[in-house]
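Let me begin by presenting the structure, written as structure tokens, before commenting on it.
The values are calculated or read from the model by the stated rules, or taken from the named source; none is laboratory data. The shown structure was predicted, so the numbers you read here are calculated from the model rather than taken from an experiment. Here the Cβ positions follow ideal geometry from the backbone for every residue, glycine too, while neighbour counts run over all protein chains shown. Surface accessibility is based on the protein's heavy atoms, side chains included, excluding ligands, DNA and RNA. Shrake-Rupley method; radii C 1.70, N 1.55, O 1.52, S 1.80 Å.
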Amino acid sequence: MRVHVADHPLITHKLTVLRDKNTPSPTFRALAEELVTLLAYEATRGVRTTEVTIQTPVAETTGLAISDPKPLVVPILRAGLGMLEGMVKLVPTAEVGFLGMVRNEETLQPDIYAERLPDDLSNRQCFVLDPMLATGGSLIAAIDYLFDRGAVDVTAVCLLGAPEGLAAVEKATEGREVTIVLGALDEKLNEVGYIVPGLGDAGDRLYGTV
Ligand code: PRP
Ligand code: URA
């Protein structure tokens, strides 16, 4: 598994505002989108491309085009939806599939409650969006789901991660082509499975309490 933790003052600045409990939802949503666009730059470093020949006004030259099949972006509902626009802004030709998952707050086990994805993901590069990698249970279930459908590699973009969750994902995905791109790697999980210092409940802060 490849892990990239962002190290850029603009990202840290935006994350600091995001973490602040006094930051209201509209600002939180705007920042989540901006952060994903910045992280997507690194996350797409391995996107598959094909050489193409084009004609500039001056000469013929070769360049790169994103290969077919196009990358598939998979936001994990609910909170991952807040990252979708920021991602497709950078990769507008990507296709989008949806996975709805909720973590049982007693057992911390994930449950898939909705799915709208192509049946066959053979040869597909997938980009999973979920702001929080806490115990890693949700991300492991999402990655398993995509590989079971034939995906060849999966990159997850998360705003914050906990060391415990990162280790769990690494163990569960051994031998698979998985990359994790994080805005920051936080200190730990607390006794109820929340990231510390974290930012609280990402879904609630984006869309309100359910
Ligand atoms: C949050 C978050 C992740 C999951 C992370 O979703 O968006 O999907 O928890 O926790 P884990 O790493 O321990 O699995 P939540 O279940 O709160 O649903 P929501 O997005 O609908 O708020
Ligand atoms: N889900 C969240 O939204 N926040 C956490 O800190 C952990 C899981």
>> Anything in region 160-185 that is open to solvent by 10 Å² or more (accessible area, probe 1.4 Å), within 14 Å of ligand 2 (Cβ to nearest atom) and over 22 Å from Thr107 (Cβ atoms)? List them, or say none.
In response: Ala184, Leu185
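Quick grid of which residues meet (1) open to solvent by 40 Å² or more (accessible area, probe 1.4 Å); (2) at pLDDT 95 or above; (3) more than 22 Å from Val196 (Cβ to Cβ):
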{"position": "Val3", "(1), (2), (3)": "yes, yes, no"}
{"position": "His13", "(1), (2), (3)": "yes, yes, no"}
{"position": "Val17", "(1), (2), (3)": "yes, yes, no"}
{"position": "Leu35", "(1), (2), (3)": "no, yes, no"}
{"position": "Thr62", "(1), (2), (3)": "yes, yes, yes"}
>> For region 89-102, give me each residue that is within 16 Å of ligand 1 (Cβ to nearest atom), open to solvent by less than 40 Å² (accessible area, probe 1.4 Å) and among the aliphatic types (A, V, I, L, M).
In response: Leu99, Met101
> In region 103-159, which residue that is open to solvent by less than 40 Å² (accessible area, probe 1.4 Å), assigned to a loop (DSSP other than H, G, I, E, B) and of a type in the set (D, E, K, R) is farthest from ligand 2 (Cβ to nearest atom)?
Replying inline: Arg124
> Hey, does region 189-204 have a residue that's charged (D, E, K, R), part of a loop (DSSP other than H, G, I, E, B), near ligand 1 (Cβ under 9 Å from one of its atoms) and open to solvent by 30 Å² or more (accessible area, probe 1.4 Å)?
Replying inline: yes
>> What are the pairs with Cβ atoms under 6 angstrom where one residue, in region 87-101, is part of a strand (DSSP E or B) and the other, located anywhere, is surrounded by 15 or more Cβ atoms within 10 Å (Cβ to Cβ) and not hydrophobic (A, V, I, L, M, F, W, C)? Sequence gap at least six, or different chains.
In response: Glu95/Lys70; Met101/Pro110; Met101/Ser138
>> I'm trying to understand the selection: among the residues of region 24-65, which are among the hydroxyl-bearing types (Ser, Thr, Tyr) and touching a residue at least 12 places away in the same chain (Cβ under 8 Å)?
In response: Ser25, Thr37, Tyr41, Thr44, Thr49, Thr50
